[in-house]
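Take a look at the structure set out below.
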Amino acid sequence: MADVVSVGVNLEAFSQAISAIQALRSSVTRVFDSLKDGMKNKETLEGREKAFVSEFQDILQSVNRDLNELERLSNLVGRPSESHPLHNSGLLSLDPVQDKTPLYSQLLQAYKWSNKLQYHAGLASSLLNQQSLKRSANQMGASAKRRPKVQPSTLVIPPQYVDDVISRIGRMFPDMSIELFRPNGTSAVLLVTLGKVLKAIVVMRSLFIDRTIVRAFNENVYSEDGKIDIWSRSNYQVFQKVTDHATTALLHYQLPQMPDVVVRSFMTWLRSYIKLFQAPCQRCGKYLQDGLPPTWRDFRTLEAFHDTCRQ
Amino acid sequence: MLLTFLFFPIFKWLQCVTVPVAEGKSVQQTVEMLNKKLEQLGAVKQGNFYVDCETYHAGAPAIANSGQSQKFLYVMHNSEAPLSCFALFENGPCLVADPNFDVLMVKLKSYFQNAKGNKVESRGARYQYCDFLVKLGTITMGSSARGISVEVEYCPCIVANDSWNLMMEFMQSFLSSHVPGAPAVFGVKPDGIYSPSDTMVQYLELFNKVRKQQATPSTGMR
Amino acid sequence: MEAPPVTVLPVSGGTINMMEYLLQGSVLDQSLESLLHRLRGLCDNMEPDTFVDHEMVFLLKGQQGSPFILRARHSLDRPNAPWHLRYLGQPEVGDKSRHALVRNCVDVAVSHNLTEFLSEMGFRMDHEFVAKGHIFRKGALKVVVCKLYRLLLPGNTESTENLSLSNLVELSMLAPAGQDTVSDDMRNFAEQLKPLVHLEKIDPKRLM
């Protein structure tokens with residue numbers, strides 16, 4: 001079967017169809033023109049209406065005629081050939097002047113790229129879903145709808161289990177007391193009191209730590225209305241620094257399949273601040289640098305460093 | 001002048017320690033020198049402060065009844081807690097009250113006499129450096145300067161033991177060699193949490209030292 | 001070089017010379033509810049406040065004259081509230097133009113180690129009691145309706161027994177010395193409580 005021939009036959013119909021479309025458009029335009037102009041001035045009201053209606057009917061009939069003509073022609077044009085993988089754009093390959101308009105080769109190239117991109121994006125998205133960094137419910141909800149299979153089960157943990165994990169961690173460290181609140185729904189907020197050094201507020205989402213803020217032992221953890229205050233920063237520079245470091249630690253300790261291990265590691269790390277004011281920097285050996293004690297704790301060794309002394 | 005000028009660093013409820021200053025300088029000059037050092041360090045001046053201390057004798061009748069030796073009641077004020085009044089006995093309890101306590105002492109005047117001449121106070125500048133608060137005061141008694149008080153407070157920490165090394169290092173940065181050793185009162189409240197009255201107890205000890213130190217040279221002058 | 005002289009300021013902050021104007025009366029247990037009802041209607045629109053206080057009266061004896069009396073009060077139902085130390089001067093009742101008893105008054109809010117401090121000052125506890133009741137306010141006027149209980153064991157506020165079958169009613173107001181007009185307001189208020197309770201200026205000396 002020769003594409004060339006069938007295309008050649010149809011070309012005639014194409015050009016007729018195009019002029020039919022033009023005719024249709026002009027007759028439709030006339031409909032609206034006449035409607036816009038309204039009734040022409042005649043002696044009697046009746047005469048005016050009659051003339052207007054008959055003119056309107058005429059125009060509508062011509063629209064109808066043009067439409068029928070177009071339908072007839074479009075049947076002649078026939079369906080576009082489906083044999084070419086690029087459908088109609090495959091026709092570009094017929095352009096004999098390759099050198100001047102290299103559209104077809106460019107199109108193929110683009111097609112290949114787009115295919116490759118889709119493939120890689122698919123791979124990446126499935127990988128990312130396993131290593132979930134997503135922390136907000138909205139995102140999770142949306143992705144769960146699209147790919148229910150890869151939704152991490154770690155986000156649907158019963159509150160009872162969270163309580164258990166937290167109380168087990170609390171028992172592990174005698175110098176650390178953890179109070180659990182659920183001020184809004186099921187998400188837990190932990191108030192961690194470390195010795196007489198600091199108080200940390202840890203906002204959880206299921207077993208993922210969402211946010212943390214560290215304040216001095218003697219600073220308020222409750223706002224004026226008696227609710228736990230998860231927003232205001234510490235008044236002390238040293239605890240503002242520690243808060244920054246703790247936020248870094250949240251991003252560092254990530255193990256999506258075992259969220260309880262993450263919480264435990266974070267708490268172990270946080271616990272190393274028990275000697276916040278007592279430990280000298282492991283690098284420069286001093287206690288103070290720019291008026292601040294060593295606020296950084298190494299994620300592995302838990303050694304104390306000044307912010308600027310860490311590697 | 002016979003007076004030796006003294007530094008009395010006060011920490012959050014750590015005992016004050018006396019350190020002699022370079023000779024040939026007046027209290028004023030030494031205070032100015034220290035102010036300059038603090039400013040060089042980057043400390044920012046934040047207004048002034050005062051701490052004062054009135055002495056009351058327990059009057060004769062009370063002593064006759066209680067059978068105790070001469071006792072002093074001290075009533076102190078601190079600009080850091082402007083709406084409080086601190087009443088203390090040496091080595092005894094410290095009562096924190098509102099300013100009406102001063103009025104009460106007036107009512108009690110037939111039992112506790114105010115020894116006007118013994119009023120001691122320390123006034124000076126208040127500096128902030130990061131989370132440190134430094135108060136550099138001239139201690140005056142009567143009309144003469146008796147010494148210099150240096151109060152260093154590391155605000156984020158409420159347990160004295162914890163921050164001792166850190167404070168030492170900080171004080172070295174502007175007091176150089178005059179930094180005292182670990183104060184003796186260290187063990188008194190080892191796990192305790194700082195309260196404003198702890199500072200007042202230290203100031204009282206400091207002021208009493210000033211009174212005693214002054215008693216010796218001034219006897220000839222009276 | 002000398003430091004500037006110590007400023008010779010009166011140290012005392014606080015409010016000097018406040019007077020308490022006082023009217024007292026009593027009401028039997030049976031009539032208590034109707035009095036409370038009346039007070040709820042008359043007084044400022046607030047939730048009627050109840051209290052349970054433990055009061056200790058301390059004496060400092062001098063060689064001559066009457067001892068110096070201080071009253072230490074602390075709340076049993078709000079253990080974190082500061083303690084309340086109160087000095088009351090000699091009551092003046094003689095002046096007929098004044099419709100309330102007047103006495104000098106110093107109120108001090110203090111820390112919880114008050115008893116220890118007072119004994120260090122030489123004070124000895126004379127007696128103690130527990131007061132349970134209601135407090136009402138109308139502007140600066142204070143109305144206290146309370147029942148007094150004796151302590152069965154010294155210092156133990158757990159076991160108490162009531163002193164009588166009636167309740168103490170006190171109408172009081174604090175004002176700087178010389179503002180005797182407040183006593184008129186007090187009398188007007190007291191009139192409105194009749195005949196439920198008759199509030200009068202009662203000379204404590206006559207009761208002794």
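Bear in mind that the values in this text are calculations on the coordinates, not laboratory data. If you're wondering where the values come from, they're calculated on a predicted model, not measured in any experiment. FYI the Cβ positions are ideal-geometry reconstructions off the backbone, even for glycines, and counts take in every protein chain you see.
With both labels modelled 7 Å from their Cα along Cα-to-Cβ, the A:THR308 to C:ILE69 distance reads 6.8 nm.
Using the beta-carbon distance between A:LYS116 and B:GLN46 and R0 = 60 Å, what value does 1/(1 + (r/R0)^6) give for FRET efficiency, to the nearest 0.05? Don't jump to the answer; show the numbers that get you there.
Working: r = 64 Å, r/R0 = 1.06.
Efficiency, from the Cβ-Cβ distance: 0.40.
Cross-link partners of A:LYS42 among lysines, defined as those whose alpha carbon lies under 27 angstrom from its own and excluding same-chain residues fewer than eight positions apart: A:LYS50.
Over segment A:206-311, what is the mean sequence separation of C-alpha contacts under 8 Å (at least six apart), divided by residue count, expressed as relative contact order in percent? The partial results should precede the final answer.
Values: 122 pairs, mean separation 22.2, N = 106.
Dividing the mean separation by the residue count of segment A:206-311 yields 21 percent.
Enter the Cα centre distance for the pair segment B:34-58 and segment C:32-102, rounded to the nearest angstrom. Centre-to-centre (Cα) distance: 41 Å.
Specify the longest stretch of chain C that does not include any exposed loop site, a site being one of the GluC sites (Glu not before Pro) with a non-H, G, I, E, B DSSP assignment and at most 13 other Cβ atoms within 10 Å.
On the way: sites that count: C:GLU2, C:GLU158.
Result, exposed sites excluded: C:3-157.
The smallest convex shape that holds all Cα atoms of segment C:160-208, its convex hull, gives 133 Å³ per residue.
Using the structure shown, list the pairs from B:LYS45/B:LYS212; B:LYS37/B:LYS135; A:LYS241/A:LYS286; A:LYS275/B:LYS37 with a Cα-Cα distance above 24 Å, or answer none. Could the numbers behind the result be given before it?
Working: B:LYS45/B:LYS212 32 Å; B:LYS37/B:LYS135 13 Å; A:LYS241/A:LYS286 18 Å; A:LYS275/B:LYS37 30 Å.
Listed pairs above 24 Å: B:LYS45/B:LYS212; A:LYS275/B:LYS37.
Against the globular-protein guess of 2.2 N^0.38 Å, express the Cα radius of gyration of segment C:103-170 as a ratio, rounded to two decimals.
Numbers: Rg = 14.9 Å, N = 68, 2.2 N^0.38 = 10.9 Å.
That works out to 1.37 for segment C:103-170.
If segment A:159-305 were replaced by its equivalent ellipsoid, with semi-axes equal to the square roots of 5 times the Cα gyration tensor eigenvalues, what would those be, largest first, whole Å? Don't skip to the answer; put the middle values down first.
Numbers: eigenvalues 125, 67, 32 Å².
The three semi-axes for segment A:159-305 are 25, 18, 13 Å.
Considering only Cα-Cα distances, which of the following residue pairs are longer than 31 Å: A:LYS199/B:LYS209; B:LYS107/C:LYS194; C:LYS96/C:LYS194; B:LYS109/B:LYS209; A:LYS196/C:LYS132? The pairs that break the limit, which is 31 Å between Cα atoms, are A:LYS199/B:LYS209; B:LYS107/C:LYS194; A:LYS196/C:LYS132. Applying Stokes-Einstein at 25 °C and 0.890 mPa s to the Kirkwood radius of chain C, computed over alpha-carbon pairs, gives a translational diffusion coefficient of 129 µm² s⁻¹.
Going through segment A:170-246, which GluC sites (Glu not before Pro) have at most 13 other Cβ atoms within 10 Å and a DSSP loop state? Walk me through the intermediate numbers first.
Details: sites: A:GLU179, A:GLU219, A:GLU224; in loops: A:GLU219, A:GLU224.
Within segment A:170-246, the qualifying GluC sites (Glu not before Pro) (loop, at most 13 other Cβ atoms within 10 Å) are A:GLU224.
Measuring r between the beta carbons of C:SER31 and A:ASP163 and using R0 = 56 Å, the FRET efficiency lands at 0.55. Taking a straight Cα-Cα cut-off under 14 Å and skipping sequence neighbours fewer than 8 places away in the same chain, the aspartates and glutamates within cross-link reach of C:LYS138 are C:ASP44, C:GLU47, C:ASP49, C:GLU170, C:ASP185.
Using the empirical formula 2.2 N^0.38 Å as the baseline, the Cα radius of gyration of segment A:266-305 reaches a ratio of 1.07.
Using only the Cα atoms, work out Rg/Rh for segment A:3-79, with Rh taken as the Kirkwood radius, to two decimals. Kindly include the intermediate steps, with their values, before the conclusion.
On the way: Rg = 18.1 Å, Rh = 14.4 Å.
On the Cα set of segment A:3-79, Rg over Rh gives 1.25.
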